[in-house]
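Read-outs: derived from the displayed coordinates by stated rules, not from any lab. This structure is a prediction, so every number in the text was calculated from the model and none was measured. Using ideal geometry, Cβ is built from the backbone for each residue, glycine included, and neighbour counts are taken over all protein chains shown.
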There are 2 protein chains.
Amino acid sequence: MAELPAGWEARGKPPTLFRRFSFGAYGETRAFLDALAALSEETGVHPQNINFGTTYVNVTLEAADGETLSDADTVFARRVDALIVRS
Amino acid sequence: MAELPAGWEARGKPPTLFRRFSFGAYGETRAFLDALAALSEETGVHPQNINFGTTYVNVTLEAADGETLSDADTVFARRVDALIVRS
């Protein structure tokens, strides 16, 4: 696997990629969640779990092959990062 | 507090209301999440936490006053239940 994208950590067996995103207000959280849903619909890749409150979103990605994290997983993680638009 | 709505359980200190919703497919999960977001925007009430994967959504509601579950909380829980459209 390529190097982990900054801010993501590998967790668990089988391994997952985890990152917490924090936002200043619910509107930003909502915009990120909507963009993430659109990305999943576009790619067919769904995070294993998304856990959110008003100002944070925790994203857990599972390995695409169910066993080992691969470049495909880090590429998807970077696409998730790219959904953040800093205002 | 009024009796808990069916399917919800009280948890933790301060107490929260928790329910797990299961769906047959991602499209139903997405429709529920979108309806829940619209309900929050309409009412200004946001669940403390929403935790979801492709076919489930776990909803945790905190007490409106931050301390004790009240009728307002069970009323909101019932409104969440009402978002489920059985197909």
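Of all chain B residues, the closest to the B-onto-A rotation axis by Cβ, with that distance in whole Å, is B:Asn51, 2. With its label point defined 7 Å out from Cα along the Cα-to-Cβ axis, B:Ala25 lies at 3.8 nm from the matching points of the other copies, in increasing order.
Just want to confirm a number: the relative contact order over chain B, from Cα pairs under 8 angstrom separated by 6+ residues, in percent.
Working: 116 pairs, mean separation 31.3, N = 87.
Reported relative contact order: 36 percent.
Full extension of the segment from A:Asp34 to A:Ser22, taken as 0.36 nm per residue of separation minus the current Cα-Cα distance, would add 2.8 nm. Legend: mean number of C-beta atoms from other chains within 10 angstrom of residue C-beta atoms, peptide A:72-79, equals 0. Annotation for B:Glu41, label-to-label distances across the other copies: 1.4 nm (shortest first, one decimal, point 7 Å from Cα along Cα→Cβ). Ranked for footprinting exposure by Cβ neighbours inside 10 Å, fewest first, A:Glu3, B:Glu41 give A:Glu3, B:Glu41. Note that the protein assembly as shown carries a Kirkwood radius of 17.2 Å, evaluated over its alpha carbons pair by pair.
May I ask you to sort B:Leu69, B:Leu17 by Cβ crowding, counting other Cβ atoms within 10 Å and putting the fewest first?
With the sparsest Cβ surroundings first, the list reads B:Leu69, B:Leu17.
Could you please report the charge total around B:Arg30, scoring K, R as +1 and D, E as -1 over all other residues with beta-carbon less than 11 angstrom from its beta-carbon?
-4
Stretched out straight at 0.36 nm per residue, the stretch from A:Thr60 to A:Val75 would grow longer than its current Cα-Cα span by 4.0 nm. Adding -39500 (n - 2.57) for every DSSP H run of four residues or longer, then dividing by how many residues chain B holds, sets the calculated 222 nm ellipticity at -11000 deg cm²/dmol. How far apart, in nm, are two points set 7 Å out from the Cα along the Cα-to-Cβ line at A:Leu83 and at B:Glu67? Modelled inter-label distance: 3.9 nm. Between copies, the label points at B:Lys13 (set 7 angstrom from Cα along Cα-to-Cβ) are spaced 3.6 nm, reported in nanometres from shortest to longest.
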